[in-house]
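Q: I'd like to ask you about the structure that follows.
The values are calculated or read from the model by the stated rules, or taken from the named source; none is laboratory data. Because the structure is predicted, anything quoted here is derived from the model rather than measured. Surface accessibility is based on the protein's heavy atoms, side chains included, excluding ligands, DNA and RNA. Shrake-Rupley method; radii C 1.70, N 1.55, O 1.52, S 1.80 Å.
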Amino acid sequence: MSPTDLDLPPLAAAFVFGLLGGAHCIGMCGGIMSALSFAVPPSMRHPARLTGLLLGYNLGRIVSYMIAGALVAGLGTLIGGLAGGVRLALETLAAVMLILMALYIANWWKGLLRVEALGRRLWRHLEPIGRRLMPVVRMPQAVALGAIWGWLPCGLVYSMLAWSLATADPLEGAALMAAFGLGTLPALLATGFAARSLGNLIRHPATRTLAATLIIAFALWQLAGTWLPSAEHAATGGHLHGT
């Protein structure tokens, strides 16, 4: 079974990737979460309201991830329908992107920053819209701002979108990005509440190394699931022998 068939293990893996990518999330989005929290007027900054607004930001963000996942998976469907063997290339690309993501999380190689540059042009148009929504004091504002925030250029997100592309199914692509987005919640909510102990744990080099190792292991499993059946198929001359 290919890992991109999206039964429970890949969805669980996408959740874990988001969870273990928390170190990158805190580094890239932690400042945003803190700024949004402090932008709430002090008189309205009681725990219940703050919790609601933080959840609203992240709901909007995850919905944007799901939309992006559905769009790129739809593109994967189109590409796969135009040329034979393209799915194999897409699945290989997804595994390579996961490995690059792992290197990024562990601070072993920062080449994924170049991928993030691809989304900066779009972000330049969206950022001013987000600024107009602040300060956020109501849930609809929080969800809208989170939806804009979801398009912030991020190598971690782009790596997962490459995996969504390989699914070549919009519903599966959206589900994959939803699982990933839910995995990022603990780190970002902790940052929003200024939970330093959890933040320090996620940023610790040992945590980053463990996260990177697990992601690389899954990427290699994905490559094996992609290439071994193809090699067996080629070895038999592309014919299936029945009984």
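Q: Using 0.36 nm per residue, how much length does the chain from residue 228 to residue 50 gain when fully extended, once their Cα-Cα distance is taken away? Numbers along the way, then the final one.
A: On the way: separation 178, 0.36 × 178 = 64.08 nm, distance 4.99 nm.
Result for the pair: 59.1 nm of gain on full extension.
Q: Next question, about the same structure. Using all alpha carbons of the stretch 54-98, what is the percent of pairwise distances in each 10 Å bin, ordered from the shortest bin to the longest?
A: 25, 37, 24, 12, 1
Q: Keeping all protein chains in place, calculate the accessible area per residue for the stretch 43-113 (probe 1.4 angstrom), answer in Å². If you can, show how the numbers build up before the last one.
A: Numbers: 3220 Å² over 71 residues.
That works out to 45 Å² per residue.
Q: Give me Rg/Rg_expected for the stretch 74-134, where Rg uses Cα atoms only and Rg_expected = 2.2 N^0.38 Å with N residues. Intermediate results must be reported in sequence, preceding the final value.
A: Numbers: Rg = 16.4 Å, N = 61, 2.2 N^0.38 = 10.5 Å.
Dividing the Cα radius of gyration by 2.2 N^0.38 Å gives 1.57.
Q: Here's something else I'd like to know. If you roll a 1.4 angstrom probe over the protein chains with everything in place, what fraction of the accessible area of the stretch 123-173 belongs to carbon and sulfur, to the nearest %?
A: 67 percent
Q: Kirkwood hydrodynamic radius for the stretch 70-179: how many Å is it when counted over pairs of different Cα atoms? It would help to have the intermediate numbers written out before the result.
A: Values: mean 1/r = 0.0651 Å⁻¹.
Computed over Cα pairs of the stretch 70-179, the Kirkwood hydrodynamic radius comes out at 15.4 Å.
Q: Spelling out what I want: for every residue of the stretch 69-75, take phi, set θ = phi - 60°, compute 6.51 cos²θ - 1.76 cosθ + 1.60 (Karplus), and round to whole Hz; glycine and proline get x.
A: x, 5, 5, 6, 5, x, 4
Q: Report, to one decimal in Å, the Kirkwood hydrodynamic radius for the stretch 135-183 based on all distinct Cα pairs.
A: Values: mean 1/r = 0.0828 Å⁻¹.
Hydrodynamic radius (Kirkwood, Cα only) of the stretch 135-183 equals 12.1 Å.
Q: Also: How much length is gained on full extension from residue 39 to residue 108, taking 0.36 nm per residue of separation minus their Cα-Cα distance? Before the final figure, lay out the partial values.
A: Values: separation 69, 0.36 × 69 = 24.84 nm, distance 3.48 nm.
Here the answer is 21.4 nm.
Q: Whole-Hz ³J(HN,Hα) for each residue in the stretch 42-51, computed from phi via Karplus 6.51 cos²θ - 1.76 cosθ + 1.60 with θ = phi - 60°, x for glycine and proline: what do you get?
A: x, 5, 10, 8, 7, x, 5, 5, 4, 4
Q: In whole Hz, with x marking every Gly and Pro, tabulate ³J(HN,Hα) for the stretch 54-59 from phi via Karplus 6.51 cos²θ - 1.76 cosθ + 1.60, θ = phi - 60°.
A: Karplus-based 3J(HN,Hα) across the stretch 54-59 equals 4, 5, x, 4, 6, 4 Hz.
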